[in-house]
Structure formats: structure tokens, C-alpha cells
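Read the structure below first, then the notes.
The values are calculated or read from the model by the stated rules, or taken from the named source; none is laboratory data. Predicted model only: the values in this text are computed from it and were never measured. Heads up, the Cβs are rebuilt from the backbone with ideal geometry, glycines too, and the neighbour counts pull from every protein chain shown.
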């Protein structure tokens, strides 16, 4: 906490002694801000000290204004309007222990708490801390009691739940044991019936398998005979069809052969050893070769007459 007092104040020494040697072992961080605390002419200096404490930015819990005894005129500084206004607007609690017994100053009225002497101010702070500590201890005791009550209640519930679970577990085990015995008996009976049925099927299959090879062999033999006959018949039909096709193609080839075409009155014209089908590149005076069915004729083109394919002497 911050303390404003005179550097030679015996009251401030009493304040420090009371704070540091309290019966409860409380420790206090006390920062002294010394200033003359008497006389109305020192009001501006006192106000500047209040502003200085505010501007430090230190998070004090309280501001204490201490002063020892003195004449009534010495206390006029605490009736100053600006000081009273600053005390009223100060952001943390202000505790006064100015030391006068008869009158109350304006600063006392504006303070959070005013006491008669610095020692009383210290005793008030210690009593405040003691009250807070007792409240904490009482809260701690209540928490312990409530915790014990809750623990006992939950412990009792858990014990009852444990007993119920144990009971239900035994009942379930017994119930499922009986069901398992019944299921086991059913499985054994069903297994015997299934095994007997499969045994009969296996015996029947064994007899069938003993007869099956001979029957299967005969059936396969018959199938092979049928396939052989089918292949022979199909091959014969295919060969006959192909022979007819070859005869037809041979006849067509004979009809379309050059010798046969030439015998019908057509001719093949060559020039330069190449067969031509168009007179586009043949000119008058050019030698050509004409192949007929029974001879080859070499001649010279006398005249070239265009022919559109529509005129014919046939």
C-alpha cells in the first residue's frame, strides 16, 4: 500500500510498527510518499503527491494518509476542496489516520474509511485482513464439511450400486449358464441328426459313384460315335459345296479370259509395250500394236477421230 505522511511523523512510525508486528503474521508492502501534511498553503504540494501515486501505475490495494497530533490549524489542509475531491475520486480505497480527536475533516468524509490515529488505521487494515482470513477459513471448513458429506453420500450410493451389480451379475451368470446348457444339449442333438443325414447321403453317393463310371463311359462312347458321324457328314457336304463353287469360278474365269474375249471380236491395243484403254496420248503417225484372237497387227495411226461412246456401227 501507498502511505502519505511527513518524513518526521511519529504517527507514521507507529503505523509501520503496528503493521509489521501484528499478531497474525501478515506481511505488508508499504511504500512511503513523504510530504508536508499541515498548513493550507501546502495543499497544492499534497495534491501533487496524490497525482504522483496515481501516475505510478502500481496496483496498490489502498492509500493511507497518516499524520500525528497537532493544533486545529494544522489540519486545515485536509479541509481543502481540491484535496477532498481528489480523495473522493481516487480509484482505490483511501484510509485516513490524521490524528485529530474532536473534528472530522472533509478528507475524512471523502475517504473510504477514516480513523482517529495512524495506529487505528493500521489496526483497521489488520482487522480487515483478519476478517477476510476468517471468512476464507470458514469457507474452507464449509468446503471440507460439504465435501465429506458429498463423499459419504456418493460412497453410500456406490456401495449400494456395487452390491446391486454383484447381485445382478450372479443372477445373469446363473441364467446364462442354464441357457448355455440347454443350447449345448440342442447342439449335440442337432449335430448327431446332421451327421446321420450326411452319412446316409455319403453312402448313397458312394453306391451311385460305383455305378456311374460304366454308365458314363458308355454315354461318352455313344457321344463320340455321334460326333464322328456328324463330322463325316458335315465334311462331305462341305467338300461337295466347295467343289461346286470351284467349278462355277472356273467357268467364270474361262468366260472372262483374254483369249475368249478376243475370239468374240474384241482387240487389245498396245503402244510402247503397254496396254492402253484411252486414245488420249495417241497421235496421228504413231505406231500401235493391235492384238486379235488369231494375230498381232502393227500399224501406223492415220487419223485420230474423237468418239463420245454413243455412236456405234454395231
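Spot the failing condition for residue 261; the list is (1) at pLDDT 80 or above; (2) part of a helix (DSSP H, G or I); (3) closer than 21 Å to residue 307 by Cβ, and only one is missed.
The failed condition is (1).
For residue 129, state whether it is outside any helix (DSSP H, G or I), assigned by TED's automatic domain parsing to the domain that holds residue 62 and either in contact with a helix residue (DSSP H, G or I) (Cβ under 7 Å, 6 or more places away or on another chain) or within 23 Å of residue 14 (Cβ to Cβ) (or both).
Answer is no for this residue.
Of all residues in region 99-112, which are touching a helix residue (DSSP H, G or I) at 6+ places or on another chain (Cβ under 6 Å) and either closer than 20 Å to residue 30 by Cα or not assigned by TED's automatic domain parsing to the domain that holds residue 47 (or both)?
Of everything in region 99-112, those that are touching a helix residue (DSSP H, G or I) at 6+ places or on another chain (Cβ under 6 Å) and either closer than 20 Å to residue 30 by Cα or not assigned by TED's automatic domain parsing to the domain that holds residue 47 (or both) turn out to be 99, 111.
Which members of region 1-15 meet the condition of being touching a residue at least 40 places away in the same chain (Cβ under 8 Å), in contact with a strand residue (DSSP E or B) (Cβ under 8 Å, 6 or more places away or on another chain) and surrounded by fewer than 18 Cβ atoms within 10 Å (Cβ to Cβ)?
Correct list: 1, 6.
Considering region 93-119 alone, what residues qualify as being in a helix (DSSP H, G or I), touching a strand residue (DSSP E or B) at 6+ places or on another chain (Cβ under 6 Å) and free of Cβ contacts under 8 Å to residues at least 40 places away in the same chain?
Listed by number, the list holds a single entry, 108.
Just checking, does region 108-124 include any residue being loosely packed, with under 15 Cβ neighbours inside 10 Å, within 28 Å of residue 21 (Cα to Cα) and modelled with pLDDT of 95 or more?
Yes: one or more hits.
Among all residue pairs at least 6 apart or on different chains, which show Cβ distances below 8 Å where the first residue, located in region 246-258, is modelled with pLDDT under 80 and the second is surrounded by 10 or more Cβ atoms within 10 Å (Cβ to Cβ) and in a helix (DSSP H, G or I)?
254/260
Being surrounded by fewer than 19 Cβ atoms within 10 Å (Cβ to Cβ), on the phi < 0 side of the Ramachandran plot and either modelled with pLDDT under 95 or within 60 Å of the chain's Cα centre (by Cα) (or both) is the requirement here; does residue 94 meet it?
no
Checking residue 176 against (1) part of a helix (DSSP H, G or I); (2) within 30 Å of residue 66 (Cβ to Cβ), which test does it fail?
Of (1) part of a helix (DSSP H, G or I); (2) within 30 Å of residue 66 (Cβ to Cβ), only one is false for residue 176: (2).
Looking at 155, 196, can you tell me which residue is at pLDDT 90 or above and either more than 30 Å from residue 25 (Cα to Cα) or not assigned by TED's automatic domain parsing to the domain that holds residue 90 (or both)?
155
Can you tell me which residue within region 29-53, out of those that are assigned to a loop (DSSP other than H, G, I, E, B) and free of Cβ contacts under 8 Å to residues at least 40 places away in the same chain, is surrounded by the fewest Cβ atoms within 10 Å (Cβ to Cβ)?
29
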